[in-house]
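This report concerns only the one structure given below.
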Amino acid sequence: MDFPESVKLDAKRRAHYQCVVRRRSVFLHVRHIVPQEEDGPGILDNAAPLCVECHDLHGNDPTKRKWLREARDFWWEHCAKQDADPAGLTLLARFDQLQTDVTAGRRELAEVKTLVVEQLRWAISGVSSASTAQGVAQAASATDVQLSHLEALRHVWPKPST
Ligand SMILES: [Zn+2]
């Protein structure tokens, strides 16, 4: 059974929009740990947000299912302890959606620019209001995530027609 959209979003949000194996935010796909062909259910417990590379490496290997589930649980727990700013997660969710839209051929440069500007503003305000060096570093690291999103977008963005 395929995952309902709500399960996919939940799985990605819990992983802070990062691949649960490589912990990077590049084109996440929510994969079945036990595949649909083997009646793997479309529920959260069977869901692993993976990047394309990790899916190709591990997604079809039955011997790696237990390991994949453990990697996912570890990352979900790690993210749950991060006390992430909901505004930051919302921006990541919008970026994630944007990647899907671009891949599907729906893209507006203005939309990308708006989102990037909002994310930069959010990072700047986080840096400004931080009260410790750790807080400054954490707020600034949001821009790293954004850069990897942009890098991912760059690969699928249609080339200008000549
Ligand atoms: Zn990955």
message: Suppose we filter the stretch 7-40 for residues that are out of contact with any helix residue (DSSP H, G or I) (no Cβ under 9 Å at 6 or more places or on another chain) and either in the same structural domain as V145 (by TED's automatic domain parsing) or crowded, with 16+ Cβ neighbours inside 10 Å (or both); how many remain?
response: 1
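Residue-by-condition table, conditions (1) touching a residue at least 40 places away in the same chain (Cβ under 8 Å); (2) closer than 30 Å to K159 by Cα; (3) in contact with a strand residue (DSSP E or B) (Cβ under 9 Å, 6 or more places away or on another chain):
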| position | (1), (2), (3) |
| --- | --- |
| P35 | no, no, no |
| D45 | no, no, no |
| K81 | no, no, no |
| T90 | no, yes, no |
| F95 | yes, yes, no |
message: E118 - would you say it is modelled with pLDDT under 85, over 22 Å from V7 (Cβ atoms) and of a type in the set (D, E)?
response: no
- line: Listed by first then second residue, the pairs whose first member lies in the stretch 122-139 and is over 17 Å from P86 (Cα atoms), whose partner is in a helix (DSSP H, G or I), with beta carbons under 6 Å and at least 6 positions apart or on separate chains, are V136/V127
field: Residue list for the stretch 46-94, restricted to those being under 30 Å from G135 (Cα atoms) and among the charged types (D, E, K, R)
entry: E70, R72, D73, E77, K81, D83, D85, R94
task: Scan the stretch 8-43 residue by residue and report those that are closer than 18 Å to R65 by Cβ, in a helix (DSSP H, G or I) and away from the ligand (no atom under 16 Å from the Cβ).
output: Q36, E37, E38
Residues (surrounded by 13 or more Cβ atoms within 10 Å (Cβ to Cβ) and acidic (D, E)) located in the stretch 102-145: E111, E118
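The values are calculated or read from the model by the stated rules, or taken from the named source; none is laboratory data. If you're wondering where the values come from, they're calculated on a predicted model, not measured in any experiment. In this analysis, Cβ positions are derived from the backbone assuming ideal geometry, glycine residues included, and neighbour counts consider all displayed protein chains.
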